[in-house]
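The values are calculated or read from the model by the stated rules, or taken from the named source; none is laboratory data. These numbers were taken from a predicted model, which means no experiment stands behind them. When we count neighbours, we look across all protein chains shown, and the Cβ atoms used for this are built from the backbone with ideal geometry, even at glycine. For accessibility, only protein heavy atoms count, side chains too; no ligands or nucleic acids. Shrake-Rupley method; radii C 1.70, N 1.55, O 1.52, S 1.80 Å.
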Amino acid sequence: MPKPFQAQSRHWMLMAALAVATYASYRLIEPYLGPIVMAFIISLLFYPLHARIEKRFGRPNRSAILSCTILTFIIVIPVLVVFASIVQQGSAFSKDSYAWLTTGGPKEVLSHPYAQTVLHTINKWSPFESLDVHSIVQKLASAASKLGTQLLNISAKLLGDATNFVLSFLLMLFVLFFLLRDHDKIVATLRHVLPLSRSQEDALLTEVEQVAKSAVMGSFLTALAQGVAGGFAMWLAGFPGLFWGSMMAFASFIPVFGTALIWLPASLYLLLIDQWQWAVFLIAWGIIVVGSIDNFVRPLLMQGNSGMNTLLIFFSILGGLHLFGLIGLIYGPIIFAVTLVLFKLYETEFKDFLDQQDQS
């Protein structure tokens, strides 16, 4: 019978030193944590296909390089095509908007009876200074004069973001190569160093894998679906479909309001220019079709095979976005999932004690 392990002072000193070293290592890689986590998530999603590639070619290095090359073509080429189209449509929309602002478009819209009714109601009940068409048009004209400078700044920021994206993508590929090549070794090392039984390790690693996959599927596939559905409706209503569909995809990550930040103002604009049929269509499409994707598809994909219910998923997404930004869509559910698994392990390990406490 193996002798029970008894922690001694040297063990506690080693654990303390390991904790300090681990924290220091975390601070070193913290600026690059996003690409590392994305490489980890993509390796989980892509590993079944990589396993087939490795089985066919037999050489780990060559198989990992081929897998990374395939992923590069799958991700980069569509992104470049879509990004170029978004820039083209966004530039055309900005020029059209500037021309509309400087040729009396706002005055015509604000002279509409609906707009006059809204302004009258606001002036009647608002404690602030009264609004009138002339002052609003002046403010819009002033904003239009600054539009060129703002577009220049946005272009510079987009260029910087594109550069950061390329660097992050290259770093992600570098990490992904080793995660795919050494997948079995990494898993075996994790199992060896974790002071848990094999069943507990299986429960913990399986839950992390399932929730990570569900987080990607739930967040990004939902955003893609909402962007496609919303962009199609915007195109039918006469707007640049690809540009506004992309904006809807990004807006879908915003809690509570989401894509309504795009289709609701567009519907109001259509109503003010007497295209009420398209306004009604866009509102109905946004509520029924785009809203259904967010209300039904996202929780279904996010829940996946994990044990988290919709309420926990909702708060994990909100908290993740608040603490970590966009990458928190993945971090939040994983943190919650690991916590739930640890609670289950706690209940199993202390079952006799907890039962005794319930009876006392």
Item to check | Sites Ser25 and Ala51 - FRET efficiency at Förster radius 30 Å, r taken between beta-carbons, to 0.05 | outcome: 0.50
Checklist outcome for this item: Scalar couplings 3J(HN,Hα) for segment 286-292 by Karplus 6.51 cos²θ - 1.76 cosθ + 1.60 (θ = phi - 60°), nearest whole Hz, x for Gly and Pro, are x, 6, 7, 8, 5, x, 5
Item to check | Derived scalar couplings ³J(HN,Hα) [segment 51-60; Karplus, 6.51 cos²θ - 1.76 cosθ + 1.60; whole Hz; x for Gly, Pro] | outcome: 4, 5, 4, 5, 5, 6, 8, x, 9, x
Next on the checklist: Explain nothing, just compute: Karplus ³J(HN,Hα) = 6.51 cos²θ - 1.76 cosθ + 1.60, θ = phi - 60°, for every residue of segment 237-244 in order, whole Hz, x for Gly and Pro.
Outcome noted: 7, x, 9, x, x, 5, 5, 6
Checklist entry - How do 341-354, 169-182 rank on mean C-beta neighbours within 10 Å, highest first? => result 169-182, 341-354
Checklist entry - What net charge is computed for the residues neighbouring Gly58, neighbours being all others with C-beta under 15 Å from the C-beta of Gly58, Lys and Arg scored +1, Asp and Glu -1? => result +4
Item to check | Separation of the Gln277 and Val193 label points, Cα + 7 Å toward Cβ, nm | outcome: 6.6 nm
Item to check | Residue-level accessible surface for His11, protein heavy atoms, 1.4 Å, Å² | outcome: 40 Å²
Checklist entry - Solvent-accessible area per residue for segment 198-295 at a 1.4 Å probe radius, Å²? => result 47 Å²
